[in-house]
Amino acid sequence: MIIDPDRIAEENELRRSWHEPDLAHAVDLAGRAGIDGEAVIAEVARLSVAAPSWAVGTGGTRFGRFPGGGEPRSTEEKVDDVAALNALTGANRSVSLHVPWDDPGDGAAALRAHAQERGIAFDAMNSNTFQDNPSTTGDGAVSYKFGSLANVDEGARRAAVDHNRYVVDLGVTLGSRAITVWLADGMNHPGQASFRGQFERVLDGLRQIYAHLPDDWELYTEHKPYEPAFYSSVNNDWGTSLLLAQGTGERAKCLVDLGHHLPNTNIEQVVSRLAMVGRLGGFHFNDSKYGDDDLTVGSIKPFELFLIFGELLAAGGGRMPEAAYMIDESHNLKDPLEDLIQATDTIQHALALALCVNRPDLADAQQANDPARAAEVLHRAYRSDVRPLVAEARRRNGAALDPLATFRAVGYRAATVAERGTGAVATGL
């Protein structure tokens, strides 16, 4: 299940006659605006965003799941799908595993070799203590029903810490260098537990996990305001996440998921604050309309995404800062790989737009207290047509000028259906 680079080259050749003049025009227009088009192409080409293992399968809702054919039946086949995605986009060079859904057990070294053969690395590991699983809670003697690290039951807390330590050890074998800890811990009912007691128990658990990290690893605390805890989540916002990270250790940082905020939260400001104190460690891209919807990146709030990339570039001094970037979506209706292709393209596009902001002009407008001029600087970049620059960045990475059209043309999904059938459930939920 490998996409032949020659097929991608054939598809690119079909589009070369219009791509080359479009590219020349886009570079020229960027230059007139004081932007180095070649620098934009280079930075977009440098970006890599991990694909999560659970996103190559069909997502579900509380009411039903409508699987498509050809879903991966194993972690190896998930890696194969990510390799196919990367062949098309040139920007998905790693996969992020979720354990125990993707636990290779004694086969971790073989899984790493399988991924290396396909040019795929392992991004931040993800632990799971929001479900009772035999591999984390044994024979049912303990349960995460009332929390994991925050649980008043010492056995549940110990099981959660042990599971995270195991995920770290597994990640070391795979070549990962970070673990993301998202907790479902909290309360559904007022008075159910102590706010302070839950927080202190979580902090203690994170410190125990942190103490198990290799020296070159990072730990990411991921906040979320609600679900499944609808009255109070222990790590409910970026401020709490920052408190937990600061209380855990220097290599504990915060992860920002675009869907993990209350409506109308100024996420670009959150990004700026965390970057300002050196605690921005990870980023999950998706979009939302009402809550934690996990919709396709940029499908609802594209201007917000553009502003977020502006803050990321500011944090990195004009380049994307080193962080664990990942797409985190639920593909309930679209073909999962097609949605990941669209999400990656949107991320590349938003980055290119943010790179087209004339930063000296924006700084001058800000210094002069000229909001109208500042708005013009931003919108001049946002209204630019950077699609040829993005397509060229992909081409230089050996990927497709038009990844979605190429995906359909090469028949990858039909091939996976023929090999894997229609009965696999790949998400772990």
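No lab work stands behind these numbers, since they all come straight from the coordinates. Quick caveat, the model's predicted, so the values are computed rather than measured. All Cβ positions, glycine included, derive from the backbone under ideal geometry; neighbour counts span all protein chains shown.
Data table
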{"quantity": "FRET efficiency for ALA409 and ASP364, using Cβ-Cβ distance with R0 set to 45 Å, rounded to 0.05", "calculated": "0.45"}
{"quantity": "Cα-centre dipole for the stretch 252-384 with unit charges at Cβ (Lys and Arg positive, Asp and Glu negative), debye to 20", "calculated": "500 debye"}
{"quantity": "Exposed GluC sites (Glu not before Pro) absent: longest stretch of the chain, with sites in DSSP loops and at most 15 other Cβ within 10 Å deemed exposed", "calculated": "1-249"}
{"quantity": "Among GLY191, GLY57, GLY31: highest mean-square fluctuation, GNM of the chain, C-alpha pairs under 10 Å", "calculated": "GLY191"}
{"quantity": "Cα-centre dipole for the chain with unit charges at Cβ (Lys and Arg positive, Asp and Glu negative), debye to 20", "calculated": "440 debye"}
{"quantity": "Shape of the stretch 175-303, Cα gyration tensor, a/c cut at 1.5", "calculated": "oblate"}
{"quantity": "Under 5 Å, built H, 5+ apart or other chain: amide partners of ALA121", "calculated": "SER94, VAL95"}
{"quantity": "Label zone at ASN266, where the point sits 7 Å out along the Cα-to-Cβ direction: the stretch 282-304 residues whose backbone N lies under 11 Å", "calculated": "none"}
{"quantity": "Among ARG201, ARG408, ARG158, residue whose mean-square fluctuation peaks in a GNM of the chain (springs only between Cα atoms under 10 Å)", "calculated": "ARG408"}
{"quantity": "Whole-Hz couplings from phi, Karplus 6.51/-1.76/1.60, listed for the stretch 206-217; x for Gly and Pro", "calculated": "5, 5, 5, 5, 4, 5, 8, 6, x, 5, 9, 9"}
{"quantity": "Separation in nanometres of the label points that stand 7 Å from Cα toward Cβ, at ALA109 and ALA375", "calculated": "6.3 nm"}
{"quantity": "Residue order, fewest to most beta carbons within 10 Å, for PHE230, PHE306, PHE199", "calculated": "PHE230, PHE199, PHE306"}
{"quantity": "Estimated 222 nm signal from helices in the chain, with DSSP H stretches of n ≥ 4 weighted -39500 (n - 2.57), rounded to 500", "calculated": "-15500 deg cm²/dmol"}
{"quantity": "HN-Hα J in Hz across the stretch 32-42 - Karplus 6.51, -1.76, 1.60, θ = phi - 60°, x for Gly and Pro", "calculated": "5, 8, x, 10, 7, x, 5, 5, 4, 4, 5"}
{"quantity": "Cross-link reach list, lysines versus LYS78, counting only Cα pairs under 21 Å and skipping chain neighbours closer than eight places", "calculated": "LYS334"}
{"quantity": "The stretch 380-429 - charge dipole about Cα centre, Lys and Arg +1 at Cβ, Asp and Glu -1, debye rounded to 20", "calculated": "200 debye"}
{"quantity": "Distance from the stretch 1-39 to the stretch 101-168 (C-alpha centre basis), Å", "calculated": "42 Å"}
{"quantity": "Burial ordering of HIS25, HIS19, HIS349, fewest other beta-carbon atoms within 10 Å first", "calculated": "HIS25, HIS19, HIS349"}
{"quantity": "Highest-fluctuation residue, ASN264, ASN164, ASN236 considered, GNM on the chain with Cα pairs under 10 Å", "calculated": "ASN264"}
{"quantity": "Proximal lysines relative to LYS253, as straight alpha-carbon distance under 16 Å, when same-chain residues fewer than 8 apart are discounted", "calculated": "LYS224"}
{"quantity": "Per-residue HN-Hα couplings for the stretch 290-305 [Karplus 6.51, -1.76, 1.60; θ = phi - 60°; Hz; x = Gly/Pro]", "calculated": "10, x, 7, 7, 6, 7, 4, 3, x, 6, 10, 10, x, 5, 4, 4"}
{"quantity": "Selection from HIS223, VAL386, LEU47, by position along the positive dipole direction of the chain (Cβ)", "calculated": "HIS223"}
{"quantity": "Ranked list, fewest to most other Cβ atoms within 10 Å of each Cβ, for LYS253, LYS289, LYS301, LYS224", "calculated": "LYS289, LYS301, LYS224, LYS253"}
{"quantity": "Anisotropy class of the stretch 1-134 from Cα gyration tensor, a/c 1.5 cut", "calculated": "prolate"}
